[in-house]
1. Give me the one-decimal Kirkwood hydrodynamic radius in Å for the protein assembly as shown, with the sum taken over alpha-carbon pairs.
2. Dividing the alpha-carbon Rg of chain C by 2.2 N^0.38 Å yields what?
3. So how do A:C50, B:C114, D:C70, C:C49 line up by other beta-carbon neighbours within 10 Å, fewest first?
4. Can you give the mean number of other chain Cβ atoms that lie within 10 Å of the Cβ atoms in peptide C:52-58?
5. Given 0.36 nm per residue, what is the gain on full extension from D:H355 to D:T44 after removing their alpha carbon distance, in nm?
6. Which whole number in µm²/s is D for chain D by Stokes-Einstein, with the Kirkwood Rh taken over Cα pairs at 25 °C and 0.890 mPa s?
7. Output the Cα-based Rg and Dmax of region A:104-211 in Å, rounding Rg to one decimal and Dmax to a whole number.
8. Evaluate the charge dipole of region D:537-647 about its Cα centre and quote only its size in Debye, nearest 20, assuming +1 on the Cβ of each Lys and Arg and -1 on the Cβ of each Asp and Glu.
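Each reported figure results from applying straightforward, stated rules to the coordinates on display, with no laboratory input. All figures in this text were calculated on a predicted structure; none of them were measured in a lab. Because the Cβ atoms are built from the backbone with ideal geometry, glycine has one as well, and the counts that use them run over all protein chains shown.
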Amino acid sequence: MADMAWVPTTMLDRKFVPRGVTRCTPARFSLWLTPWCLLLGLGLWAAYLCLRDGLLHTNMDNRFAFGLWIFLDLAIIAFGGGAFFSGVLLYFFKLKELNAVIRSAVLIGFLCYSGAVTVLAIDVGQPLRAWFTFWHPNAHSMLTEVTFCITLYLCVLAVEYLPVLLRNRQFRKIPSFLVFEWELHKLIPVLAGIGAFLSFFHQGSLGGLYGVLRGRPFAFRESFGIWPTTFFLFVLSAMAVGPSFLLIMTRVAEWVTRKRLVLESVYVRLARVSGWMLTFYVLLKSIDTMVWLNSTSRRGGFLPWEYYSWEPFGVWILFVEIGLFGFVPALWLMRAGKVNTSWLIAPALLACAGVALNRYVLTVQTLSLATLPFDEFLSYTPSWQEVAVFGGVVAYGVIVYSVLYRYTRLFPQEQER
Amino acid sequence: MSATQKTSRTPRRYGMVIDLDRCTGCGACVIACAAENNVAPGAARENDRNSISLLRVFTLNNPTAAGRRTAFLPMMCMQCEHETPCVTVCPQQAVELDVLSGIVEQMPQRCLGCRYCMTACPYHARSFNWGDPSWPAGMEATLNPAVAPRMRGVVEKCDFCQSRLHAAQDAAAVNGSLDPGIYTPACVEACPTQAITFGDWNDPEGALAKSGETFAWLEGLGTQPKVRYRSGQNWLHEMAERGGAAPAKEERHG
Amino acid sequence: MRVLIAFLLGLAGSLAFGWWGFPQLLYQREPQPLQYNHKIHIEKGSMECSSCHEVAADGQFAGIPRTASCGACHAEPLGKTEAEKILVTSYVAPERELDWKVYSRQPMNVRFSHAVHVNKAAMKCEECHGGRGSATAAEPFYRNRVTGESRNVWGPRMIRVGLKPGEGMKMSDCESCHEQKGVSAGCLGCHR
Amino acid sequence: MAIGRRELLGLAGGAAVGGALSPVPWKLLDDSAIWTQNWSWTPTPVRGPVTEKFGLCTLCAAGCGVKARCGSAGVFGVAPAAEHATGGGALCPVVYGAHQLPYHPRRLRTAIVNGHAVETKEAIAEVARRLEAAGAKAAILDERPGRIVSALYDRIARAKGGTVVTLAQVEDRSLRTMEDLAGMGPGTLGYDFEHAALILSVGAPLLDSWGSTGRMSRLWSRRVETGKPVFVHAGSHWSRTAQLADRALILRPGSEAALVAALAGKLAIEPAAEITGLSPASLSDLALRLREQAPALVVGGGEAASSGLPEATERMIAALNVAIGALGRAGGIVMRRPLTGAPQPPQYLDRVPDHSLDLLVHEASSAGIVAPEALLRRKLAAKGTLVRLSAFLPEAFGPNDVLIPSTTFLEGAEDARGARDAAVETWSYSDGLSSVPASALPPAEFAAQLAEALQVKVESYEELRKARAAAIVAAKRGHVYRHAGGERAEATDLEKFEAAMAEGAVWVDEPVEPGPLRAKIDAVDWSAGRPEQPSLIAVASSPRGSLSVLPAVPLASKLDRETRLYAVPGEVRMNPRTARELNLRPGDSVLVSTPFGETRGRVRCDAAAIPGQLELGACGDGSQLVLEAMGAAEPGAGPTQAAQIRRS
């Protein structure tokens, strides 16, 4: 905006801050952003190194072909699942309380997905050829499904979030933006529907990625139609932890801003939804595990105990994933409303840890275990570049979320504490 | 089910039988393969996990007291025929089962480097170019003109010396035929003990049909590899039948 | 109204750049080392394509002939043209190879078997190379600055329609011909 | 006209729509993808027709035939020449990457005298001057005696009162002792493995780049089909040969003498079993088989990365061979006719008194010949000069050294006499398949220039080659084997003979009818000491072509670092249990010391390693220190060494 160039920064800042809420001073805000920007800069540098010289900057190798980044992608896409599931609950199941977090949910979803796609672009060896997947798709590959759905869904999320952005004070001054926003707004439930559909498929396909690995008996699962059981388990687990993650993020935002952003009842609703879904997921996961241990794996010539005889991946990891990080938070979250709401962050964290552990096990343990009988157990430690890119993505999320929190109304129920 | 009993899916089904009793683990096949396929000499950082190895020789130790102490196991792409794990996973058709030869093709020019096929391969037969391949100054003169060097960020694997198949095809075409017949991959040519037999599983009179009783590694997975093995040593059969390694409770040498 | 004009201006500007300016920027014209006349060789020399571009008995395709084979006839200048003089004095006599820019040169990873197409499929040279064999002069060679390949691989125009033989040599051109003739080569049939 | 925000937005919108409708983004998308497939920093092979030519492998003395595939830029692939008489149609692993040697980063491009780069002519003049000065105290080390150039060396050395010496390779060690005892000249005996029923190797790495690899590989291959010959290996560590043998007997280090004495019946089974650590039953069983599974023969020599067994033990092995009737019998140790026209065989360097030479000219043009640096240096007097004709910069060179750049694999004219262990002599030559770099001298050219500088009159390489060819044809023996057609022809016509040889044929002598040979074995001393049992032993093994002063073939990294077929240079491989007992962890840097030297490395644990055994990586660069630690320069130091290890 050329005519504003002379306005001092403070004034400019104030002009963009939504009416009716207070925000900290620009100086304070900059102070908050500084460390995150440094982290982002480090991540960008690491990413540049990987793009310049190739992936020899990572500690991945031919045997550990997937590493920290794929694990990160799987985890944050599961957490981002809150966006589509909240949309479904709000627009189709009419859970009106969720209006209080839907904008935040959509933004978190967008950040998670765009972060994941960015990391993927660095993770693949030839990012300039990534579009081949659209031009020469292999219909049999789960990864094709993932690529198509994630790309489309990222667009959907961007469109879904656009109205919130356009409702900024300054943008509202442009009449055509206003009309555009209004038209878009009417579309939101449709978009939420499309988003839910796309999400369903790519969350599932991400699970399918591993379930179809015939050559990796630790990951290979029975399938319904073309989809292995992990397809459905991933969808369910994303639905289960999406609300939990939203709960955590909202609590963290409240803690950072020292404001009350949503009513307590919203937390209870999120927790309960999460709890029920988690219970359902964990039950199915247990059944799936039993079938896999006793039938699928044995038919491939692998005895289940072999998987768990390599330290540190003992049987304990199975119990932690299903029990401690599964049933325990499921039961706790279901009792939301009857227990102290401020403690709900604990089971939500456990639930998120459980799903992250699930993604970790499928990525890391699958690759660590030997398939050939004379082979050895493998391990891998990420290089600083991998960790830095990971950190950069987190920083990107925090920065964008902070900026948009400051200049748009993420939480309609926002009030001063 | 043995690859020999299957009905034909492709006009030719090139495959190998490797006699483990003949292999002395000298590594001639490894170097011949690398030279033939324009694999760059290892940089200082290269090791057994991050190098380009289209063909590897594993050292197997006899866990039982009887018989020979050590066997060497040459392993390249097993050219799986059924539900080929790497073919179904590739998002952009960079991996295909060739309709004429039954060879599992890997197209580095189509590959985007997602490495999904590498996680899918139970034999770890695939290598990724973690960096740019490079040759000492002037050594580019030793590159095989019939094989395109790969670039960074793509996966590669054994394709039964496709350039030699091409040459055989060209020679056949001069006489008006498209059928290249049996040609000789570099490792087969290099093996000093003639441990590797290359042929066509479809040919009932061919060398593979006459190779007697063979076995494959990880047959339980049902991928029907076209590279099979032969040995008179029981412990090797037992090892091949067992999927997945068990951690040694203690070292194998007492 | 003024917005509309601005919009149309922008539209026209980028269309003009994209369709006219961009191709000028993208391709670099490179001279051929010699003005070669295919026609005169065919007519006066009563030669065939295979006289110089031959498929050997083992199926290898010789491609562009080496200077030695030019020297077989051109040991002395066979005419009074400038090109003739250059050929004999600068190349044949000192046994230097000519650095021809090959219009149909494919990237390293493409394997094209002349033996299969010429001997087995009995295709005529013109079916892929068009009328180049009867041209009287070497037409200009354009190199794509991004890919380093000849412009003839993509075709002379930005939009790939109505291509004549010899103009489009992208993978899709090979594929469509293979599809028409019902022969599949798989990926590695044409790649290496 | 004022242009406002709205107009700018309109313009931008129009440009964006127009851009999307123009070819720019789409063409760039496509072109950038094609760019990633062909970008300039991935090298592009030179196009052009491919031809096949026959050449000669010069990585060791065996001179196997190779079929080289040549493109426009040069040799790009090496394959065995089918059924070569010496190679048996097979090559050592490193040969397949040897065509890259000419481009090795350590390629020597200039002559060096006293640490300064000089013109080659100057360097040769300097060598001539020092050779003149050294007189009888000068020697020329010919790694591959029996070649044409050997005659030139012989002529030069004799003209100036010096000598020609050679190195006792792993294949030589047993044969030369037998030749001594039988009173025969060097190079007159060979092994007839093809007709043997049982081969006992006493520490000899028969199945690990021994002799001409092709021959041993074919034997091994035949064993799988027919069960013959049976390979029995007796050695002090689990070498590759021990791992592959039909039967492996692991002895206490240093107890080979007791084993051989017991097998010869000169030492009772019980004490021998106690000394060697073998069971009495297996000892008496082997002794019985050696006599009953005739024809049998015994091969000693020890590992390539060692100096071999003590001379006394080698004499016992020779006597054992005589005792079981292996000498002069088909399937045993047979006589072969020395090559027609070859000069006097040189004496062995290890038998030259220490510090007795003022000048040693080392023709180091072969990567497969083990030339322990320490041995060469020890033969030189203080301030002695080591002249090296080498294609590569050696790992170390002394202040007095002279370096002259030479040719390497497939460069320049070469001839080969055949493998030392072969039952018959062979001869082949090649004019080289790659062009000779301007800075490099082929050995024959070096010898000619040296002779000229010394004003010694010699015939040219071509004249000598022709003379030898004529002598062979005149002798009317043997046949010529042509790889191109795979046919054999009589060697009767000089013109035809030379034509065939120029295409890469090989002349093969006819075998001498086996007949009784005598050897003086009465004087052999059968006393076998009782060696101490060290808690740790060091061993080193590596494929042929990686234990030399020359750098390794670049692709050899595939054998050690990248597939772990051999221990990795700079690593000390040990069983995890041994590491635990020594309180070491993988990656620790350690110093391994033996009675002869020290070598550094990092610990690598490998369940395939034998407890109590430290495998020293000896491939390529850094191998000289390992050779030193293994006592390769000390006569009879044995194939394994007692070792100590500590963190460094």
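1. Taking every pair of different Cα atoms in the protein assembly as shown, averaging 1/r and inverting gives 36.7 Å.
2. Compared with the compact-globule rule of thumb, chain C sits at 1.27.
3. C:C49, D:C70, A:C50, B:C114
4. Shielding by partners across C:52-58 averages 3.
5. In short, 106.7 nm is gained.
6. The diffusion coefficient I find is 93 µm²/s.
7. So, for region A:104-211, Rg and Dmax equal 16.2, 51 Å respectively.
8. Using Cβ point charges on Lys, Arg, Asp and Glu, region D:537-647 gives about 360 debye.
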